[in-house]
Structures are given as C-alpha cells and as structure tokens.
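Have a look at the structure below, then the notes.
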C-alpha cells in the first residue's frame with residue numbers, strides 16, 4: 001500500500017448503526033468502501049459510494065472469494081447477533097454468528113494473506129458485555145471477563161480468537177472493547193432507541209405507555225459517530241493492540257428517561273411501566289469504561305455528551321414520527 005493508492009476497506013455489518021457511521025467516515029477519508037450485508041437484506045440506501053456484497057457469518061462459504069476479489073487493506077468486523085436479551089432465546093445461533101463468525105473471517109484473512117502476500121489489518125468489534133458481573137470499576141484492558149449472557153460469551157470467544165491470530169500468525173488484529181454507544185440510527189430493539197421513539201410517539205399522542213425492564217441498570221453511553229473514529233485510529237497504529245472505548249461516565253435508565261422525556265416536556269413516570277418480560281435472566285448492573293489507553297495512544301476522546309446524545313436521539317425520532325404521521 002502506497003500513499004498514492006486508494007485504500008480499500010471492508011465492513012461487515014455495514015447496514016447497522018456502526019456500519020453506517022464508519023462507512024461514512026471512511027468514504028470522507030477517500031477510501032473505497034465495501035460492505036457485507038445478509039442475503040435477505042434489501043440494501044442500505046445510505047451512505048453512498050458503498051459497494052455491497054452478500055454473505056452469512058453463520059456459514060462463510062464465499063468469504064475467501066470476497067477477500068481475493070476486494071483485496072481490502074482494512075477489515076472491520078462489526079456484524080453480529082447483537083441483541084443481548086435475544087441471545088438468551090437463541091444461544092446457539094448467537095454463538096455461531098457472533099463467536100464463530102469471527103474465527104471464520106480470521107482464518108480466511110490468514111489464508112488470503114498466504115495466497116497473495118498482502119497484509120490485511122483486522123478490527124474486531126468487542127463489547128463491554130464481556131465484563132458482565134464486574135468486581136472492580138471502571139473496567140479497562142486488564143479487567144477480567146465474567147460474561148452474563150450468551151452474547152457476552154460469544155464476544156469473549158471472538159476477542160480471544162483475535163488475539164490468538166495476532167500472536168500465533170502475526171496478523172495485524174485489534175479488539176475495540178466498546179461500551180454502549182447510541183445514535184438516531186440505533187435499532188429500535190435497543191433500550192435507548194426504544195425510549196426515544198416511544199417518547200416521540202407519546203408526545204404526538206400516538207402511544208399511551210412504555211414498558212421497560214430494569215430501570216436501575218447503569219451504563220456508560222457514548223455517541224456511535226465518535227466511537228467509529230476510535231476503530232479507524234486503531235488500524236492506523238504501527239502495532240496492533242486492544243483498546244477500551246468509553247466515556248468514563250455512568251447513567252441509569254432512569255437518567256436517560258429524565259433527559260429524553262424532560263427535553264420534550266414530559267414526565268416519564270406518568271407513562272413508563274416495568275414489565276418482567278424485559279428483564280434478563282442474568283442481569284449486568286453496572287458497566288463503566290476506562291478509556292485512558294485510547295486517549296493516550298490513539299489520541300481519541302468522545303465529543304458528544306450524554307445529554308447531547310439523548311436530546312439528539314429524541315429530536316430525531318420526533319422528526320421521524322412527524323414525517324410518518326404526515327404521509
């Protein structure tokens with residue numbers, strides 16, 4: 001790879017929240033961007049200038065062909081079965097896609113490098129859910145894992161496979177241990193988006209109440225648009241390594257309700273009810289990340305505050321619901 005050659009990036013999970021923000025960032029930086037989407041996906045629409053390919057992390061039959069054809073310089077593995085609560089209902093599927101899917105790509109990248117002599121820099125989207133039942137806070141790169149869901153267990157598998165391929169085969173492979181990161185593009189099944197969309201619908205008289213699980217869970221929430229920059233910075237370093245990406249602040253679900261409903265002039269306690277159906281079989285009560293290594297080595301820090309994030313999301317959903325009503 002030379003300075004005059006356009007860099008090529010390949011993103012799995014490109015149709016998701018992080019895939020959107022990362023592909024947009026890379027296109028702006030002049031990359032040729034390719035993305036993997038599921039075989040039953042219709043396409044992503046935005047951002048532009050992304051070359052789409054089909055594939056299945058649960059099978060991987062065409063992975064080698066894709067790598068030999070695209071010849072990426074950087075590879076970002078963002079795809080997963082990423083719903084924690086759903087992973088309790090689909091533990092085997094989650095392990096196959098979220099865990100073994102990482103190994104399938106790592107092996108194909110290793111073999112691609114042997115065939116072509118080209119180096120591919122690999123980023124694995126690891127998760128704060130790997131820490132699970134924590135005994136110390138905040139959590140950093142040295143904190144032991146104690147996952148509390150099939151999703152967390154599958155992410156731990158992918159994390160260590162990434163390190164093993166780095167140490168055993170010399171791959172430039174990094175783990176980004178990202179704490180919760182949200183945006184207006186967050187899936188509607190995730191609690192933050194569930195809250196902001198419900199708040200917008202309640203404000204406009206289209207919904208009467210919102211059912212949630214544990215309101216006392218504490219999370220370290222940041223903006224997805226900030227976090228994808230950390231992913232990119234990891235693959236620009238001289239040596240591969242693993243990094244925690246977080247804000248270092250924790251807030252409860254109640255605090256997120258305060259910010260979102262309060263921003264549009266509503267008292268959430270009049271509309272929110274707790275429902276046991278939304279409780280996890282094994283709860284993770286507190287997650288808070290220490291991203292001092294990312295700040296020091298990568299020069300990265302979050303830009304969007306918790307309040308700005310909550311307000312950004314509820315304003316976006318208000319506009320979304322208004323457009324839907326006017327159709």
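Since every read-out is calculated from the coordinates, none of them should be taken as a lab result. Computed from a prediction, not measured in an experiment: that's the story for all the values here. Here Cβ is always computed from backbone atoms with ideal geometry, including for glycine, and neighbour counts include all displayed protein chains.
Round to the nearest 0.05 the FRET efficiency obtained for residue 204 and residue 90 when R0 = 51 Å and r is the Cβ-Cβ distance.
With a Förster radius of 51 Å, E is 0.90.
So what is the relative contact order of the range 118-189, in percent, for Cα pairs below 8 Å that sit 6 or more residues apart?
Over the range 118-189, the number comes to 42 percent.
Seen from all sides and averaged, what is the projected area of the convex hull of the Cα atoms in the range 192-266, in nm²?
With the hull built on Cα positions only, its mean projection is 6.3 nm².
In cubic angstrom, how much convex hull volume per residue do the alpha carbon atoms of the range 130-275 span?
Measuring per residue, one finds 124 Å³ for the Cα hull of the range 130-275.
Measure off 7 Å from each Cα along the Cα-to-Cβ vector at residue 54 and residue 137, then give the distance between these two points in nanometres to one decimal.
Label-label distance for residue 54 and residue 137, simple model: 4.6 nm.
Starting from the Cα-Cα distance between residue 28 and residue 69, subtract it from 0.36 nm times their residue separation and give me the gain in nm to one decimal.
Full-extension gain reported as 12.5 nm.
Under 10 °C and 1.306 mPa s, how fast does the chain diffuse according to Stokes-Einstein, given a Kirkwood radius computed over C-alpha pairs? Answer in µm²/s, whole number.
The estimated diffusion coefficient comes to 78 µm²/s.
May I ask what percent, to the nearest 5, of DSSP beta bridges between residues of the chain are antiparallel?
Percent antiparallel among DSSP bridges in the chain is about 5.
Take the alpha carbon atoms of the range 50-78, find their center, do the same for the range 98-154, and report the distance between the two centers in whole angstrom.
17
With everything on Cα atoms, drop me the angle between helix 17-28 and the longest principal axis of the chain, reported from 0 to 90° to the nearest 10.
For 17-28 against the chain, the angle is about 50 degrees.
How large is the helix-only mean residue ellipticity at 222 nm for the chain, computed as the sum of -39500 (n - 2.57) over DSSP H runs with n ≥ 4, divided by its residue count, in deg cm²/dmol to the nearest 500?
Calculated from helices alone, the mean residue ellipticity at 222 nm is -11500 deg cm²/dmol.
On the first, second and third principal axes, largest extent first, how far apart are the outermost C-alpha atoms of the range 63-209 in Å?
60, 39, 27
Distance in nm between label sites at residue 111 and residue 301, each 7 Å beyond Cα in the beta-carbon direction?
Result for the modelled spin labels: 4.6 nm.
Report the far tail of the P(r) of the range 127-181, meaning the percent of Cα-Cα pairs longer than 12 Å.
Everything past 12 Å amounts to 65 percent.
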